[in-house]
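The values are calculated or read from the model by the stated rules, or taken from the named source; none is laboratory data. Computed from a prediction, not measured in an experiment: that's the story for all the values here. Neighbour counts are summed over all protein chains in view; Cβ atoms, including those assigned to glycine, are modelled from backbone coordinates with ideal geometry.
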Amino acid sequence: MNIRVLLSTLALSVLLITACGNQQNSADLKPDASADKAHKEDDCSRVHWSHHAGEDGPENWKNLCDGFSDCGGQAQSPIDIKSDALKSPAGLQAIAVNYGASPVDIINNGHTVQFNISGEHSAMLGGKKYTLLQFHYHALSEHTIDGKYYPLEVHFVHKHSDTDFAVIGVMFEEGAENPLFSKYLDHFPQSRGEYRTEETFEPASMLPSDMGYYHYQGSLTTPPCSEVVSWYVLKTPVTASAKQLKAFAAILDNNYRPVQPLNGRDVVVFNP
């Protein structure tokens, strides 16, 4: 799931992570009894967390630091989207993106591979204008559809205010080569690091032509798991080749959070 300010608190990027801290401090601390006081501070930037089962894994994120307490909240992401339980209320609006060209800035922050976005890029989501900050990847997908995982999911992270973010999620399925991967996959850092070039690319080219979506209110999918996100998970996947998906999965190392309880939240569907 960095939000250029929120994600430095995330220690990622994330979920999501990044509100902006593009890299987690290299002096990550692993939780232990002697460091308990540090873990209970609101500043969680030095607290180590991971996507794998264990004392620093998703099931324990909420216990690692007071600032991660939302990870145990009631409106968490990702979720399993059940097609037989969707609502389709009147008044839903189509997604309208206004993305331009952005220089290539690729970061591996230890939790995800992320493209930082420069320039004026925005989307109208739910009648509000959100600024695109970055997009990042999870393998396997974080959201599931009727219990089905996809091999890869990309999150386009947008900000309206410090307490109002929107993420467009796009699933990948095996098929034709992905043009962005064909050009830049060899440059994706295999571990913490960054690749930059003045070449530009078009983020909008990564979206499917059919922008129908599933929508619900949720959270960042990485610590601090803040419940400030409007989710728009697109119904139509894009493709990447089997070779590309395998190469990307090797870098990301199962960096997905397990699905979270819905806890009575509505999930709605919009068909263009």
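Residue count for segment 235-246 under the criterion of being surrounded by fewer than 20 Cβ atoms within 10 Å (Cβ to Cβ) and farther than 23 Å from HIS215 by Cβ: the result is 5. Give segment 80-94 a look and list any residue that's under 22 Å from the mean Cα position of the chain (by Cα) and part of a loop (DSSP other than H, G, I, E, B), or say none. Across segment 80-94, the qualifying residues are LYS82, ALA94.
Residues that are hydroxyl-bearing (Ser, Thr, Tyr) and loosely packed, with under 14 Cβ neighbours inside 10 Å number at least 1 in the following strands (runs of 3 or more DSSP E) confined to segment 109-217: 152-161, 193-201. A search for C-beta distances below 7 Å between a residue of segment 99-120 that is at positive phi and any residue that is of a type in the set (S, T, N, Q) and in a loop (DSSP other than H, G, I, E, B), counting only pairs 6+ apart in sequence or on different chains, returns GLY110/GLN24. When residues in segment 247-272 are screened for being surrounded by 12 or more Cβ atoms within 10 Å (Cβ to Cβ) and not in a loop (DSSP other than H, G, I, E, B), 8 of them pass. Each residue in segment 123-154 was checked for being within 16 Å of GLU194 (Cβ to Cβ) and of a type in the set (Val, Ile, Thr), and 0 of them qualify.
Out of the residues in segment 39-96 meeting the condition of being exposed (fewer than 13 other Cβ atoms within 10 Å of the Cβ), of a type outside the set (Gly, Ala, Ser) and over 24 Å from THR144 (Cβ atoms), tell me which one is modelled with the highest pLDDT. Looking at the filtered set, the residue picked out is GLN93.
Could you list, in sequence order, the residues of segment 104-122 that are more than 18 Å from the chain's Cα centre (by Cα) and under 11 Å from TYR195 (Cα atoms)? If the condition is that a residue be more than 18 Å from the chain's Cα centre (by Cα) and under 11 Å from TYR195 (Cα atoms), then VAL104 is the only one that fits.
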